Amino acid sequence: MTQANSTDKSLESWIWDAACSIRGAKDAPKYKEFILPLIFTKRLCDVFDDELNRIAKEVGSRAKAFKLVKHDKKLVRFFLPLEPKNPDEPVWSVIRTLSDKIGEKLTTHLRAIADANTLLKGIIDRVDFNATTHGQRDIDDDRLSNLIEAISAKRLGLNDVEPDIIGRSYEYLIRKFAENSGKSAGEFYTPAEVGLVMARIMDAEPGMDIYDPCCGSAGLLIKCELVLQEKMSLRSRKTFAPAKLYGQESEPGTWAMANMNMIIHDMEGEIQIGDTFRKPKFRQGNRLQTFERVVANPMWNQTEFKEKDYDADELDRFPKGAGYPGGKADWGWIQHILASLKPKARAAVVLDTGAASRGSGNANTNKEKDVRRWFVEQDLIEGVIYLPENLFYNTTAPGIILVLNRAKPKERKDKLFLLNASREFVKGDPKNYLPDDAIARIAETFTAWKEMEKYSRIVTRDEIAKNDFNISPSRYIHTGEADEYRPIAEIVEELEVLEEEARETDTALKSILRKLGVGA
């Protein structure tokens, strides 16, 4: 986690304490589907109050403001059909004063808000606060009442907290859930500091379209827009076109979280729901829609996609020259991302370290290595960043950031920039993190293609070929004596590949022997 100011920390502490009010830190992640929509609704209520107060100053009273807004809902960004008996009371008080059938009534209120706002459909109305499992309430009214009261402790209006601060605090809560949720959490959460490195390297300009094919909670898209805002403020540009954000997510709960996260950051984008690999939603006719920037952290080493899934593709995502990447989908995702790039576009993708080296150095052919070779020979890879270990929530493995570039400058042709950031971390509990100075150093060094001893190197395509198309920075940059030994994660990956190849060879040999009538 990067350093935050005291206001951020205060809000982060409150938001986590509110989450823990149900049954403590250990059980909080189990209730994230209840907690996140409620905090989101509190923000909507407080902002709606601020908008009502602004109108009331012009028309004379909150009662008149309510009537005016009911008549013309375009006066506010989101219209909330919650009206206290006393119009001077906060809108949130309608929820805070619930005393019986809390789960049932709360569900009804949130569904009414969604019905009144097309943008919120399927986002805050998908949770049933009155749901039961085997006859027992998933969250009973007592715990729900405690949660509502804890959330009531802070005001989240326009004058109380900036969108970026509430957004960061909301992401902090998502991160805390990831820390406590175990393996599956990594499917929807990329550490904020990794997202910042990617966003700074992507360096989007106003109005650019940015896409994430597996967007999770939309953190990578949000980071790109935040970095753009930061850059424009340094240029003293108060008005500029925001980036156009596009994402697709397969998991309905995570899709809803992505939409809430975007709105709470005061950003707009288009988040589609569905399986990108099999049915990408962003299309132009019978081709993929293309973008100026792509950022992604697809689930690592997916094995459910088979050769028939690649063959069935009708969108020219998987070039015949590149080939089928074998049993793991990492390079399949890279092919989808390449097909989603405009002619002069760039992408930053987080992958397992094994994707950079599997198959290299082995005598037998390897499908994954063949696809990697194709990308190198087509000069599509700008560079690779080797990350520290234990940053991600679903693994202790280090991970890499692969940067694609469809239009490398002439002086960078047939070269890759490799950066070994394996030591750029601060030890954390339960996960390590990149401090602010490391984020800046990685992004600045990569952008400048600046060679630094034991840190970064420019490597020619010929040298990559001599190393059998291993593009892992750890193969070319040793950070110290200990690094003369290759990372265990890479060795394990290669042993798995060798075992698989040995099994295939054994099966083929047995088949030949049977045909010759030798053996059993």
Collect the residues in region 353-384 that are assigned to a helix (DSSP H, G or I), of a type outside the set (A, V, I, L, M) and more than 16 Å from residue 461 (Cα to Cα), keeping them in residue-number order.
353, 354, 367, 368
Residue, surrounded by the fewest Cβ atoms within 10 Å (Cβ to Cβ), within region 310-335, restricted to residues that are within 12 Å of residue 371 (Cβ to Cβ) and either basic (Lys, Arg) or without any contact (Cβ under 8 Å) to a residue 40 or more places away in the chain (or both):
320
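The rows are residues; the columns are (1) out of contact with any strand residue (DSSP E or B) (no Cβ under 8 Å at 6 or more places or on another chain); (2) assigned by TED's automatic domain parsing to the domain that holds residue 33; (3) without any contact (Cβ under 8 Å) to a residue 12 or more places away in the chain.
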| position | (1), (2), (3) |
| --- | --- |
| 227 | yes, no, no |
| 239 | yes, no, yes |
| 242 | yes, no, no |
| 247 | no, no, no |
| 270 | no, no, no |
| 285 | yes, no, yes |
Can you name the number of the only condition in (1) farther than 30 Å from residue 176 by Cα; (2) surrounded by fewer than 18 Cβ atoms within 10 Å (Cβ to Cβ); (3) in contact (Cβ under 8 Å) with a residue 60 or more places away in the chain that residue 395 fails?
(1)
Looking at region 80-92, is at least one residue under 24 Å from residue 169 (Cα atoms), surrounded by 15 or more Cβ atoms within 10 Å (Cβ to Cβ) and over 31 Å from the mean Cα position of the chain (by Cα)?
yes
Candidates 353, 290 - the one that is farther than 29 Å from residue 207 by Cα and modelled with pLDDT of 90 or more
353
Of 76, 59, 94, 47, the only residue that is touching a Phe, Trp or Tyr at 6+ places or on another chain (Cβ under 7 Å), aliphatic (A, V, I, L, M) and either under 26 Å from residue 125 (Cβ atoms) or modelled with pLDDT of 95 or more (or both) is 76
Name the residues in region 210-250 that are acidic (Asp, Glu) and surrounded by fewer than 17 Cβ atoms within 10 Å (Cβ to Cβ), would you?
230
Those residues of region 258-313 that are more than 20 Å from residue 218 (Cβ to Cβ) and out of contact with any Asp or Glu (no Cβ under 9 Å at 6 or more places or on another chain) come to a total of 14
Per the filter on region 350-377, residues crowded, with 24+ Cβ neighbours inside 10 Å and hydrophobic (A, V, I, L, M, F, W, C) are 350, 355, 356, 371
Tell me yes or no: at least one residue of region 407-416 is touching a Pro at 6+ places or on another chain (Cβ under 6 Å) and outside any strand (DSSP E or B).
no
Is it the case that some residue within region 365-388 is among the acidic types (Asp, Glu) and more than 26 Å from residue 318 (Cα to Cα)?
no
Limited to region 149-169, what total is found for residues that are outside any loop (DSSP other than H, G, I, E, B), out of contact with any Leu (no Cβ under 8 Å at 6 or more places or on another chain) and either among the hydroxyl-bearing types (Ser, Thr, Tyr) or not assigned by TED's automatic domain parsing to the domain that holds residue 16 (or both)?
0
So which helices (runs of 4 or more DSSP H) stay within region 53-136 end to end and still have 1 or more residues that are of a type in the set (S, T, N, Q), under 24 Å from residue 262 (Cα atoms) and not assigned by TED's automatic domain parsing to the domain that holds residue 157?
none
When region 422-451 is examined, which residues are found to be over 16 Å from residue 393 (Cα atoms), touching a helix residue (DSSP H, G or I) at 6+ places or on another chain (Cβ under 8 Å) and of a type in the set (Ser, Thr, Tyr)?
422, 447
Just one of (1) more than 24 Å from the chain's Cα centre (by Cα); (2) part of a loop (DSSP other than H, G, I, E, B) trips up residue 143, so point out which.
(2)
With respect to residue 346, determine if the residue is basic (Lys, Arg), surrounded by fewer than 16 Cβ atoms within 10 Å (Cβ to Cβ) and in contact with a Leu (Cβ under 7 Å, 6 or more places away or on another chain).
no
Take residue 50 and tell me if it is under 21 Å from residue 159 (Cα atoms) and either part of a helix (DSSP H, G or I) or among the charged types (D, E, K, R) (or both).
yes
In the set 433, 455, which member is buried (at least 20 other Cβ atoms within 10 Å of the Cβ), more than 15 Å from residue 476 (Cα to Cα) and in contact (Cβ under 8 Å) with a residue 24 or more places away in the chain?
433
Determine whether region 432-448 contains at least one residue that is modelled with pLDDT under 95, more than 22 Å from residue 215 (Cβ to Cβ) and of a type in the set (A, V, I, L, M).
no
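The values are calculated or read from the model by the stated rules, or taken from the named source; none is laboratory data. Computed from a prediction, not measured in an experiment: that's the story for all the values here. FYI the Cβ positions are ideal-geometry reconstructions off the backbone, even for glycines, and counts take in every protein chain you see.
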